[in-house]
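Below: the structure, in structure tokens.
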Amino acid sequence: MNVICTPHLWIPMPDGTRLGARLWLPENITDPVPAILEYIPYRKDDYSAIRDSTTIAHFATQGYACIRVDMRGSGSSDGVLYDEYTEQEVDDGVCVIEWMSEQSWCDGNVGTMGISWGGITGLQLAVRAPKALKTVITLGATDSRYYDDAGYYMGCMVGQTIGWAAMMFGLNTRPPYPELVGEGWRDLWLDRLENAPHYLEQWFSHQHEDEYWLNNTVRTDYDSIKVPIYAVSGHADCWPNTVPRLLQNLSVPVRGLQGPWVHRYPHLGIPGPTIDFLSDALRWFDHWLKDKDTGIMDEAAYQVYLQDSVRPQTYYDTRPGRWVGEEQWPSKQIESQAFHLTEQGLARQSTTGQHFNITSPQSVGMASGEYMPWFAFGPGEELPDDQQTEDAGSLTFDTEVLQSNLEILGNAVARINLSCDQPQALVAVRLCDVWPDGASTLITRGVLNLSQRNGKSNPEPIIPGELYQIEVLLNHVGYVVPVGHKLRLSISTSYWPIAWPSPTNTQINILSDASLLELPIRSADAINAKLSKYGNTQIGEPVANMTLRKVEQKRNTYKDPHSGLNIFEIVADNGEKRFHDSGVAMGSTALTRFSVGDNDPLSAKAEYEWVWEFSRENWQTKTKTNTTITSDLKYFYLKAESIAWEGGVEIFRKQWDHKYLRDHF
């Protein structure tokens, strides 16, 4: 089916604000059709244009009206993007759905699909339940903003998620297009430059799970969701827990899919195997928006890729494994097996009276990989490296050599009886697949800020020397540890740059009594529910573009010989492209650097730089943002700068220099 694309149209909001949108319609439609919305802040005219054309636009070839809307304050829409997931953002989304349902090309039935920010907003719109919204496909999303969104991953302040705020700081400086916005484009650009905040201003002001984070957090209001949900994620994504949580907590029809992928759509998935997700999503939309019996609801409620053992690498084209299907989640085919922490390692039998101490060097975590592997600008070394260097600075507990496979599916839990010598501390727990030659592949991990041992809303300092029974939930995963290997549990008091260091070096003392690992094991005789049959992966036709400069990325981990600091840095030239329909060229570069001394947690520093350039004929703009985060015993320090040029002339410069009291961090 041929498609007609309208590159830009305006959607009016009740307050007079206009949101820019791109619309794809099936050619020669005579009757109204259902509509599919993707609603995100990532610039429909350039930054996300290639992915949009290969993904949401595909459904227009299958008889749907498809629309991609830039959120208020982004791209060619009016306004300023003041924060993530605001009431205004969700209000606007409701208005967009109502507007879509009233158009002549729409039959009144609307579905949403989106990944990351778009997936989260889709769930938030489902909570609001506008009448026309009939279903949501949510990918790479979270239903719990504080626990595993960009601010406080598992309740720890994360060096790399601070980087997300730094990235948005840069993204929000980019100019709107004069030919789309009109004569006021420059005023709008200056308004955004002046008034868009650095998101860290809010995040540092709300360091535990208060009303700021609970606002529009879906897990507090599952029962308000009345439409069917299809939830998708990947084991290598930063949000692997959302799919099983939604399966467990929603009372509506819900389907889950979890592959080996990073933070990407499954038809674009890395590591592979990719799947023909667009056809799969079409079956879902046909069922719920066109009332077709596609058979999709007769298949497994939860389809998950059980990954085979692989040697540690920072990038995989594909991961070996197999698909398994569960009729429900939690599954009756999963049993919890206990492994106790003993001097002999992870043992089936418990012991009493044994003590284990650990003070980790602050460099533990340098081989953790990126918090949100993405491969946004091409393949790179974003996944965790060999964990032997991390294990060397950790307490490790190994099983005996396995005599049968361990098929892990779910969330492992470490229950640890410990005391600490400082009032603030963190515990990082990793599960690793240890090869006969000693290579150590990360399976999954969990981190706990010990001040949040009784919850993330009411932190309490540790009483040094007092014994606590703490629980560390590890990320959901599917992984087979094979015969001949060992399973390793590693515990450290540092995990930089995933978790910002505690203010002092800490020692934890673990008592073997009641210290154990609970492992979710899929039964060897488990029966698969009906699995979907995926054809060859389909990808839509990308919007026409030309590469002007190729992507080049370098990742370096080293110890500076002068300062003695351990440094992990990413130097990225993200390339430059010209889009044929607009003639606009877009290019960017980025620098990320994390540093810390082995024995000095207060030496931790996170630095970020983003440069964006846009040009067309005699129109040229450039923006540059810098963000630096440091800390001392009492405060976090934010220093940032934003600069903009038009036609090579500096037109804007603004600096931030703030400090924030450390609130149980």
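The values are calculated or read from the model by the stated rules, or taken from the named source; none is laboratory data. No experiment lies behind these values; they were computed from the predicted model shown. As a convention, Cβ positions derive from the backbone with ideal geometry for all residues, glycine included, and neighbour counts pool all protein chains shown. The protein model used for the area step is the full one, side chains on, heavy atoms only, and it has no ligands, DNA or RNA in it. Shrake-Rupley method; radii C 1.70, N 1.55, O 1.52, S 1.80 Å.
Taking trypsin sites (Lys or Arg not before Pro) across the range 301-363, the ones in a DSSP loop with at most 15 further Cβ atoms lying within 10 angstrom of their Cβ are Lys332, Arg348.
For a straight C-alpha distance cut-off of 20 angstrom, the aspartates and glutamates reachable from Lys332 (same-chain residues fewer than eight places away being disregarded) are Asp298, Glu299, Glu407, Glu518, Asp525.
Listed by chain and number, the lysines whose C-alpha is less than 18 Å from the C-alpha of Lys577, apart from same-chain residues fewer than 8 away, are Lys44, Lys550, Lys622.
If Lys and Arg each add +1 and Asp and Glu each add -1, what is the summed charge of the other residues whose beta carbon sits under 12 Å from the beta carbon of Leu448? Intermediate results must be reported in sequence, preceding the final value.
Details: positive: Arg415, Arg445, Arg453, Lys456; negative: Glu471.
Summing Lys/Arg as +1 and Asp/Glu as -1 gives +3.
What's the angle, to the nearest 10 degrees (0 to 90), between helix 277-289's Cα axis and the longest principal axis of the chain? Helix 277-289 sits roughly 70 degrees off the main axis of the chain.
Which of the residue pairs Lys456/Lys639; Lys486/Lys559; Lys131/Lys290; Lys226/Lys290; Lys134/Lys292 have a Cα-Cα distance greater than 21 Å in the structure shown? The pairs that break the limit, which is 21 Å between Cα atoms, are Lys456/Lys639; Lys486/Lys559. Using Cα atoms only, what is the angle between the long axis of helix 185-195 and the major principal axis of the chain, expressed in degrees (0 to 90) to the nearest 10? The angle comes out at about 30 degrees. With both residues required to sit in the range 134-263, DSSP beta bridges show an antiparallel share near 15%.
Using a cutoff of 8 angstrom between alpha carbon atoms and counting only pairs six or more residues apart, the relative contact order for the chain works out to 12 percent. Using a cutoff of 8 angstrom between alpha carbon atoms and counting only pairs six or more residues apart, the relative contact order for the range 519-646 works out to 15 percent.
Could you tally the net charge around Ala338, taking each other residue with its Cβ under 14 Å from the Cβ of Ala338, Lys/Arg +1 and Asp/Glu -1? After counting each charged neighbour, the total is -2. Annotation note: trypsin sites (Lys or Arg not before Pro) in the range 574-665 located in DSSP loop regions with a Cβ neighbour count of at most 11 within 10 Å are Lys634.
Could you size up the charge dipole of the range 187-307 around its Cα centre, putting +1 on the beta carbon of Lys and Arg and -1 on that of Asp and Glu, and report it in debye to the nearest 20?
Working: 9 positive and 17 negative charges, 93 e Å.
In debye, rounded to 20, the range 187-307 gives about 440.
Within the accessible area of the range 540-660, what % is carbon and sulfur when the probe is 1.4 Å and the other protein chains stay in place? Looking at the range 540-660 in its full context, I get 48 percent from C and S. The GluC sites (Glu not before Pro) of the range 557-624 that DSSP puts in a loop, and whose beta carbon has at most 15 other beta carbons within 10 Å, are Glu617. Spin-label pair Thr294-Arg311: with each label point 7 Å from Cα along the Cα-Cβ axis, the two points sit 4.1 nm from one another.
Across the alpha-carbon set of the chain, the Rg to Rh ratio works out to 0.96, Rh being the Kirkwood radius.
At 222 nm, what value in deg cm²/dmol follows for the chain if DSSP H runs of at least 4 each add -39500 (n - 2.57) and the sum is divided by all its residues, to the nearest 500? Don't jump to the answer; show the numbers that get you there.
Values: 12 runs with 101 residues, N = 665.
It comes out at -4000 deg cm²/dmol, rounded to the nearest 500.
Averaging Cα coordinates gives a centre for the range 242-302 and one for the range 605-665; these two points are 39 Å apart.
Counting only alpha carbon atoms, the long axis of helix 87-101 and the longest principal axis of the chain meet at about 50°.
Once Rh is set to the Kirkwood radius over Cα pairs, what Stokes-Einstein translational diffusion coefficient, in µm²/s, holds for the range 345-443 at a temperature of 10 °C and a viscosity of 1.306 mPa s? Numbers along the way, then the final one.
Numbers: Rh = 16.2 Å.
Value of D from the Cα-based Kirkwood radius: 98 µm²/s.
Name the shape class, rounded, prolate or oblate, that the alpha-carbon gyration tensor gives for the range 178-307, where a ≥ b ≥ c are the square roots of its eigenvalues, rounded holds for a/c under 1.5, and otherwise prolate holds if a/b is larger than b/c and oblate otherwise. Since a/c reaches 1.5 and a/b is larger than b/c, the shape of the range 178-307 is classed as prolate.
Based on the Cα coordinates of the range 423-509, what is the per residue volume of their convex hull in Å³?
Values: hull volume 10.7 nm³, N = 87.
Cα-based convex hull of the range 423-509, divided per residue, equals 123 Å³.
For the range 118-242, what is the relative contact order in percent, using Cα pairs closer than 8 Å and at least 6 residues apart in sequence? Relative contact order of the range 118-242: 41 percent. Toward the positive end of the charge dipole of the range 1-95, with +1 on the Cβ of Lys and Arg and -1 on the Cβ of Asp and Glu, the farthest Cα among Gly20, Ala65, Thr30 is that of Thr30.
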